[in-house]
Structures are given as structure tokens and as C-alpha cells.
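Below: one structure, written as C-alpha cells.
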Amino acid sequence: MRPQKRKSTEGSGGPRNKRRVDEYMVLKIDNSVIKGYHTYKIVPPLDIELVLEPEYTNIHDKDAVLVWMPDIVEETLLNELTSQGIQIRELVEPVPLIIGHVPRGLAAVFNELLSRDITVSCVATGKPVQSFPPWPNPSQKGGGVVIPCCYNINITASQMGDVIAQLKNVFKTIPGGEAMKLCIS
């Protein structure tokens, strides 16, 4: 789901390749992960945009951000299971499926962006694997099974500099931060 471009308040003049201040762009963070597979054990479909939302009830991390399966995917999965003879609909109401959490540090930035109504989403890019360098070893704190992914932030050109600065600062302090890459599209 790509956001629609807002109409510019600037005049129609100016160079063609210059981005308008209020035009939406996607800032993509490659080489990241979704944490928490050991808890939720949900494997998201690849290349489906997953929903991010603050987890206000998390007593261990005030900035925790959950990664959810979108409703449309849940409905598709439930239909598929039902067509295979599994009577899910008779047993439970469809509920959102939690995939995991955004890594700490990165979650703090995303939580702040989400509080400003900036859309942040996630796309799984691989199946669950044991954490790998530069992430902590599986036996270390913060290690374990992770889901490779990229995160997408939909922002305007006027927000870009501030958000990139925040992310670069966080990348210096979190495990795996040095491997993450920023791309603009």
C-alpha cells in the first residue's frame, strides 16, 4: 500500500527532478529482523506488508513495537485452512496474528514516528533462522531465532533529514545496526 501524494502548495515552476516538500517517499531499512519468533511461532508470508503498532502494555520495554499480520492475510489464511478441512471458523473468531517485535532501539524510533502518525511497516524477506552476525549469537541475550525483514517508513521530503539522522544514531548503538542499510524510493 503506497501512500497517495499530497498536492503541493508550491508553484508549478522549478526543476522537474526536485522533490516537492510534501511529496511522500519511502525510506527503506534493509538487513533488519523481526524478533520474538520463539514466543509467537508465526511465519509471515514473504513480500506481504506487515503492520507495526506500539505495544502499550509491555512492562519490559515502554517503546516496544509489535509486528502484526494484516487482516486481509489472516482472512486468506483462514480460508485456506478451512478449505483443507480444518474447521477454524467454528472454533474461534479471527484475531490478529502477532508475528513478533521490532528490535529494541529501532523500536524507540518507530514508536516516536508512529506517535506522529507516520506510517511504518515491515516486509519479511526470509524464513525464520537462528540469529546471525552482526546480531547477537543465539545463546546470547537478544539472540535466538529471528525473521529477516526490511522496514518501510512513509515520510515527506521535509521529514527525511530528521528521520535519517535519528536512524543513523540508533544504528551506532544497537546490535546489528552496522549491517542495516537505508534506501530512499
The answer for chymotrypsin sites (Phe, Trp or Tyr not before Pro) in segment 92-185 that fall in a DSSP coil and have at most 15 neighbouring Cβ atoms within 10 Å is none
Expressed in square angstrom to the nearest 10, the accessible area of GLU23 with a 1.4 Å probe stands at 40
CYS149 neighbourhood, Cβ < 15 Å, K/R = +1, D/E = -1, net charge +1
Residues whose built amide H sits under 5 Å from the amide H of THR125, excluding neighbours closer than 5 in sequence, are CYS149, CYS150
Pairs over 25 Å Cα to Cα, from LYS35/LYS181; LYS28/LYS172; LYS28/LYS141; LYS62/LYS127, come to LYS28/LYS141; LYS62/LYS127
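The values are calculated or read from the model by the stated rules, or taken from the named source; none is laboratory data. Not measured: the values here are computed from a predicted model. Here the Cβ is made from the backbone with ideal geometry for all residues, glycine too, and neighbour counts use every protein chain on show. Calculation scope for accessible area: heavy atoms of the full protein, side chains included, ligands and nucleic acids excluded. Shrake-Rupley method; radii C 1.70, N 1.55, O 1.52, S 1.80 Å.
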